[in-house]
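**Student:** Sending over a structure as C-alpha cells; questions will come in a sec.
The values are calculated or read from the model by the stated rules, or taken from the named source; none is laboratory data. These numbers come from a predicted model, not from an experiment. Backbone-built Cβ (ideal geometry, glycine too); neighbour counts: all protein chains shown. Surface areas here come from the heavy atoms of the whole protein model, side chains and all, with no ligands, DNA or RNA. Shrake-Rupley method; radii C 1.70, N 1.55, O 1.52, S 1.80 Å.
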Amino acid sequence: MADLGLAWEAAWPAVRTLLYILLILVPLVLSVAYLTYAERKIIGYMQVRLGPNRVGYKGLLQPIADVVKLLMKEIIIPSGASRGLFILGPVLSIAPALAAWAVIPFAPGWVLSNSDAGLLYVLAITSMGVYGVVIAGWASNSKYAFLGALRSAAQIVSYEIAMGFALVGVLMAAQSLNLSHIVEGQTGGFWHWYVWPLFPLFLVYLIAGVAETNRAPFDVAEGESEIVAGFHVEYSGMAFAMFFLAEYANMILISALTTLMFLGGWLSPLPFLPDGLLWWLLKVAFVLFLFLWFRATFPRYRYDQIMRLGWKVFIPVTLVWIVLVGLVMQTRYAYLVH
Amino acid sequence: MNFQAALFYFFAAILLGAGLRVIIARNPVHAALYLVLAFFSAASLWMLLEAEFLAIVLVLVYVGAVMVLFLFVVMMLDIDPDRLRQNVWRYLPVALPVALLIAVEMVLILGARYFAAAPAPAPLPAGYSNTKALGEVLYTQYVYAFEVAAVILLAAIVAAIALTMRRRKDSKYIDPARQVRVHKEDRLRVLKMKVSRYGEEMHDHDAPHGGADAASSSGER
C-alpha cells in the first residue's frame, strides 16, 4: 500500500496536468464546433439569408451533424500521394494550434504553464503550423494542392515577420514575455490597455493574424474560385476535418492573443467592475466576430497585393512604431506607453 | 538514470536518427523534413540546458522561417535522385578528407585529453533568466561584434537582391498607388435605358440610340 501511495504521489503531477489539458481542450474543441455554426449564421444574416436552421432548434445541432458526417466518410488517399506525409499533414496542422494553448492565461493564475518566455513560445509554436499546409500540399501530388501550399508558405512567412515586430512593441510596453504579466501591465480601466499607445501595431497584428490563419480576404491558399480548395483539395473525411479544426482553433488562438496583449485580457474595462473570465470570453468573442465580419465584407486579395501589403506596408509601419515607442520610453512621457 | 537524463537520450537519439536520414533519404523533400526534425530535437536539448531563449529562437527562425523557404525551393525543383547519385564517386575525393577532418575534431574535443570538455553546467538558480542574461551580454560586452554581424547580414541581403533582381520588360506591372487612386467615374458608366418588352425593340424609337451608346462605350475601352 505504501508503494502504491508513493507511485501515486509521483504520478499525480502528470495526472493533474493531463486533467488541466483536458479542461482546456474540450471547451476549445466545442467552441470550434460552435464557431463554425456562428460563422454560418452571422454571414447568413449579413447576406440576408437564414443560415443553417434544419437540425435542432434554429439549427443548433448542425455542428454535431457535420462532425458525424465527417466521421462516417472514407479517407481517400490518392494513388500518387506520398502516403506517410499525406497523413502527417493534418496532424502537423492541428498539433501546433492546440499546443500553443499551454501558455494562454484565462484569468489570474488560470494558466497551464506560467512561462516567462510565453510570448516567444507562442510565436515559435504557431510558426510550425505552416508545415501542415506545405506537407499536405506537396504530399497530395496534385497541382492545385501544390499551388496552395506554395502560396501559403510565402504568405505565412511574410506575415510572421510583421506579427513578430508587433509583438516586440508589446513586450517593450510590458517589459515582459510572460503573458500574465503583459495582462497585469494593463490594469486600471480600458484607457490603460495597450491598444491605445500601440494602435498601429494592434491593427497590423490583427490583420496579420487574419493572414496567418489563411482566412478571407487572405485565403489565397484555399482560393475556391481559383485553385478549387488549395492544399486540402485531396483530403476527405476526418483528415479534412483536422484542417478545418486547425483553422478555427488558430482563429480562436489569434483572438485570445489579441485580447491578452492589446485588450487587457480578463481585466474589466472600468476599474470598479470585477475582473474575470467573462471579460476574457467577451473580448475573444468580439475579435472572432471581426474575423467573420471581414470574411463577409472584403473580396479576396490578389497574391501580389498580399505580398505588397505584408512587406511594403506592415513591416515599415511596425519598424517605425517600435522606434517611436523606444524614443518615447526615454523621455519623461514614458508613462504613455507603460 | 533520472528523468532529465532519459529525456536527453530520447531527444539525442531522435536528433542522430534524423541527421542520418537527412543524408540517406532518397527524396530531397523528405531530407529537408528530417532536417526540420533535427532542428527541433536540438532545440529540445538546449531547453534541457536551460537555454530557453536560444531553443525557442532556433525553432522560430530555423524551423519556422528558414526551413519553410528551403522546402519551398526544394519542392519546386525537379530533382531526380538517381541522377544525383551518379556524382557520388566524383565528389568522394573531396568529401572524404572533409569528413575525416570533422571526425578528428570531434574526437579531440570529446576525448578530453588535449581539449578538455567543459564540465557539466551547474544547475542555475530559480530566478535566473537566460533571455535577460543573453541580452545584457549582447548589448554591452559584445555590442560591436553584434552590430558588425548585423551589418554583414544586411550587406548579404542587399547583395542577394541586387544579384537576382531582374526587371522584365514585358511584365504587365501596375503601380499599386495608381490602382488605389482609381475612382468609380474612371471605370464605370451607368447607362439609362427604357424598359421594353421582347419583340418591341425594333419599333422603339430610343432603341437605336441606346445601342449606339453601348457600342461607343465599349469602343472606348
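**Student:** Take residue A:43 and decide whether it is touching a Lys or Arg at 6+ places or on another chain (Cβ under 9 Å), of a type outside the set (Ser, Thr, Tyr) and touching a residue at least 60 places away in the same chain (Cβ under 8 Å).
**Tutor:** Numbers: touching a Lys or Arg at 6+ places or on another chain (Cβ under 9 Å): yes; of a type outside the set (Ser, Thr, Tyr): yes; touching a residue at least 60 places away in the same chain (Cβ under 8 Å): yes.
Here the answer is yes, as residue A:43 does meet what is asked.
**Student:** Residue B:162 - would you say it is open to solvent by less than 100 Å² (accessible area, probe 1.4 Å) and modelled with pLDDT of 85 or more?
**Tutor:** Values: open to solvent by less than 100 Å² (accessible area, probe 1.4 Å): yes; modelled with pLDDT of 85 or more: yes.
For residue B:162, the condition - open to solvent by less than 100 Å² (accessible area, probe 1.4 Å) and modelled with pLDDT of 85 or more - is met.
**Student:** If you don't mind, another one. Filter region A:161-178 for residues that are under 18 Å from residue A:315 (Cβ atoms) and either free of Cβ contacts under 8 Å to residues at least 40 places away in the same chain or open to solvent by 20 Å² or more (accessible area, probe 1.4 Å) (or both) and give the result. First the steps, then the outcome.
**Tutor:** Going residue by residue through region A:161-178, those that are under 18 Å from residue A:315 (Cβ atoms) are A:161-172.
Once the filter is applied, which keeps residues that are under 18 Å from residue A:315 (Cβ atoms) and either free of Cβ contacts under 8 Å to residues at least 40 places away in the same chain or open to solvent by 20 Å² or more (accessible area, probe 1.4 Å) (or both), region A:161-178 yields A:161, A:165, A:168, A:171, A:172.
**Student:** Just checking, which of A:132, A:148 is more than 23 Å from residue A:23 (Cβ to Cβ), modelled with pLDDT under 85 and surrounded by 24 or more Cβ atoms within 10 Å (Cβ to Cβ)? Explain how you work it out, then say what you get.
**Tutor:** On the way: A:132 fails: modelled with pLDDT under 85.
So the residue among A:132, A:148 that is more than 23 Å from residue A:23 (Cβ to Cβ), modelled with pLDDT under 85 and surrounded by 24 or more Cβ atoms within 10 Å (Cβ to Cβ) is A:148.
**Student:** Moving on to the next point. Could you please let me know if residue A:221 is open to solvent by less than 10 Å² (accessible area, probe 1.4 Å) and within 14 Å of chain B (Cβ to nearest Cβ)? Spell out how you get there, then give the answer.
**Tutor:** Values: open to solvent by less than 10 Å² (accessible area, probe 1.4 Å): yes; within 14 Å of chain B (Cβ to nearest Cβ): yes.
Criteria met by residue A:221.
**Student:** Okay, moving on. Do we have any residue at all in region A:106-120 that's facing chain B (nearest Cβ under 10 Å), open to solvent by 10 Å² or more (accessible area, probe 1.4 Å), in contact (Cβ under 8 Å) with a residue 12 or more places away in the chain and not in a loop (DSSP other than H, G, I, E, B)?
**Tutor:** Yes.
**Student:** Could you grab me the full set of residues in region B:1-45 that are over 24 Å from the mean Cα position of the chain (by Cα), in contact (Cβ under 8 Å) with a residue 40 or more places away in the chain and either surrounded by 12 or more Cβ atoms within 10 Å (Cβ to Cβ) or within 23 Å of residue B:72 (Cα to Cα) (or both)?
**Tutor:** B:7, B:8
**Student:** Would you mind telling me which numbered condition in (1) at pLDDT 90 or above; (2) open to solvent by less than 70 Å² (accessible area, probe 1.4 Å) residue B:171 fails?
**Tutor:** Residue B:171 satisfies all of (1) at pLDDT 90 or above; (2) open to solvent by less than 70 Å² (accessible area, probe 1.4 Å) except (1).
**Student:** With (1) out of contact with any Gly (no Cβ under 9 Å at 6 or more places or on another chain); (2) more than 30 Å from residue A:75 (Cβ to Cβ) as the list, and residue A:236 as the residue in question, which single condition is left unmet?
**Tutor:** Every condition holds for residue A:236 apart from (2).
**Student:** Can I ask one more? Looking only at residues that are surrounded by fewer than 21 Cβ atoms within 10 Å (Cβ to Cβ) and within 20 Å of residue A:330 (Cα to Cα) in region A:186-196, which one is nearest to the chain's Cα centre (by Cα)?
**Tutor:** The residue in question is A:196.
**Student:** Still on this structure: Scan region B:40-82 for residues that are more than 8 Å from every other protein chain (Cβ to nearest Cβ), within 26 Å of residue B:136 (Cα to Cα) and assigned to a helix (DSSP H, G or I) and jot them down. It would help to see each step written out before you state the result.
**Tutor:** Taking region B:40-82 and keeping what is more than 8 Å from every other protein chain (Cβ to nearest Cβ), we get B:40-51, B:54-55, B:58, B:61-62, B:66-67, B:70, B:73-74, B:77-82.
After this cut, where a residue has to be within 26 Å of residue B:136 (Cα to Cα) as well, the list is B:42-51, B:54-55, B:58, B:61-62.
Correct list: B:42, B:43, B:44, B:45, B:46, B:47, B:48, B:54, B:55, B:58, B:61, B:62.
**Student:** Additional query: Given the structure, is residue A:156 under 26 Å from residue A:289 (Cβ atoms), without any contact (Cβ under 8 Å) to a residue 40 or more places away in the chain and within 12 Å of chain B (Cβ to nearest Cβ)? Explain how you work it out, then say what you get.
**Tutor:** Numbers: under 26 Å from residue A:289 (Cβ atoms): yes; without any contact (Cβ under 8 Å) to a residue 40 or more places away in the chain: no; within 12 Å of chain B (Cβ to nearest Cβ): yes.
Here the answer is no, as residue A:156 does not meet what is asked.
**Student:** Listed residues A:96, A:78; which is touching a Gly at 6+ places or on another chain (Cβ under 7 Å) and either within 12 Å of another protein chain (Cβ to nearest Cβ) or over 15 Å from residue A:260 (Cα atoms) (or both)? Let's see the steps before the verdict.
**Tutor:** On the way: A:78 fails: touching a Gly at 6+ places or on another chain (Cβ under 7 Å).
Sole residue among the options that is touching a Gly at 6+ places or on another chain (Cβ under 7 Å) and either within 12 Å of another protein chain (Cβ to nearest Cβ) or over 15 Å from residue A:260 (Cα atoms) (or both): A:96.
**Student:** In region A:245-280, how many are aromatic (Phe, Trp, Tyr) and either in contact with a strand residue (DSSP E or B) (Cβ under 7 Å, 6 or more places away or on another chain) or open to solvent by less than 20 Å² (accessible area, probe 1.4 Å) (or both)? Break it down stepwise before answering.
**Tutor:** First, the residues of region A:245-280 that are aromatic (Phe, Trp, Tyr): A:248, A:262, A:266, A:272, A:279-280.
With either in contact with a strand residue (DSSP E or B) (Cβ under 7 Å, 6 or more places away or on another chain) or open to solvent by less than 20 Å² (accessible area, probe 1.4 Å) (or both) added as a condition, the list becomes A:248, A:262, A:266, A:280.
Of the residues in that region, 4 qualify.
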